[in-house]
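The values are calculated or read from the model by the stated rules, or taken from the named source; none is laboratory data. Please read all numbers here as calculations on a predicted model, not as lab measurements. Positions of Cβ are backbone-derived with ideal geometry, glycine not excepted, and every protein chain shown enters the neighbour counts. Just the protein is used for accessible areas: all its heavy atoms, side chains included, with ligands, DNA and RNA removed. Shrake-Rupley method; radii C 1.70, N 1.55, O 1.52, S 1.80 Å.
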Amino acid sequence: KAGVTQTPRYLIKTRGQQVTLSCSPISGHRSVSWYQQTPGQGLQFLFEYFSETQRNKGNFPGRFSGRQFSNSRSEMNVSTLELGDSALYLCASSFGQGGGELFFGEGSRLTVL
Amino acid sequence: GDSVTQMEGPVTLSEEAFLTINCTYTATGYPSLFWYVQYPGEGLQLLLKATKADDKGSNKGFEATYRKETTSFHLEKGSVQVSDSAVYFCALSDGAGGTSYGKLTFGQGTILTVHP
């Protein structure tokens, strides 16, 4: 079956701009989580959506937001970009039970100039 | 809060050598434990998992045993191959019935390079 699909794979933005990243989960998965991966901080949890509702949130500023649609596809938005937002953004999907396995996409690599 | 401490790398081995990557955790309750692998240019893939104490996860020759008494989940492989070169992440989540759902707490990752 098709895996988790993230678009775009690569993008370059300048400081102050905003960006929207998209994630299509595995068919049947209702949970989508987002992670930020950087060399310095490693993998950090951003938020998780389940049935169009944010169910969990990490420690990121309000510039980072997300949403989930009725077909489980999810988007995350970063407004007023800063240089430190340069990272690989990974999306993961699952059935949504506690302790379950997450399936990751290949990520969207954002570079902020 | 929950945390995962992972053996720092990078680790460089020759083909057919024995591999151990240490992982210890701090968590309340009974977490599920995972090893994920990230090959160059790719997302994370689940390598193996264990959901309760004394469980042994295994896949592709890799093994890890959930040790509650030492709060550890060390990754081992008896004979590594060049194709095992990747970054390995130890992670935990709330166990079944927990509330962290899609949230995994990751270790910093260990870069493994295997030379022919």
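Odds and ends about this structure:
- Residue-level analysis places B:VAL114 among those that are touching a Ser or Thr at 6+ places or on another chain (Cβ under 8 Å) and at pLDDT 95 or above.
- Qualifying residue in segment B:61-77 (condition: out of contact with any Asp or Glu (no Cβ under 9 Å at 6 or more places or on another chain) and closer than 22 Å to A:PHE95 by Cα): no
- Considered as a group, the residues in segment A:22-44 that are in contact with a Ser or Thr (Cβ under 7 Å, 6 or more places away or on another chain) and in a strand (DSSP E or B) include one that is most open to solvent (accessible area, probe 1.4 Å), and that residue is A:SER24.
- Restricting segment B:1-15 to residues that are closer than 23 Å to B:THR26 by Cβ, assigned to a loop (DSSP other than H, G, I, E, B) and in contact with a strand residue (DSSP E or B) (Cβ under 6 Å, 6 or more places away or on another chain), the residue that is least open to solvent (accessible area, probe 1.4 Å) is B:GLY9.
- Of everything in segment B:18-36 that is more than 14 Å from chain A (Cβ to nearest Cβ) and of a type in the set (A, V, I, L, M), the residue that is surrounded by the fewest Cβ atoms within 10 Å (Cβ to Cβ) is B:LEU19.
- Answer from A:PHE47, A:PHE60 - the residue that is closer than 19 Å to A:ARG109 by Cα, open to solvent by less than 70 Å² (accessible area, probe 1.4 Å) and at the interface with chain B (Cβ under 9 Å from one of its Cβ atoms): A:PHE47
- Scanning segment A:70-94 for residues that are among the hydrophobic types (A, V, I, L, M, F, W, C) and either out of contact with any strand residue (DSSP E or B) (no Cβ under 9 Å at 6 or more places or on another chain) or surrounded by 13 or more Cβ atoms within 10 Å (Cβ to Cβ) (or both) turns up A:MET76, A:VAL78, A:LEU81, A:ALA87, A:LEU88, A:LEU90, A:CYS91, A:ALA92.
- Scope segment A:95-113; condition surrounded by 17 or more Cβ atoms within 10 Å (Cβ to Cβ) and away from every other protein chain (no Cβ under 11 Å); matching residues: A:LEU110, A:VAL112
- Residue within segment B:74-89 that is within 12 Å of chain A (Cβ to nearest Cβ), of a type outside the set (Gly, Ala, Ser) and more than 12 Å from the chain's Cα centre (by Cα) present: no
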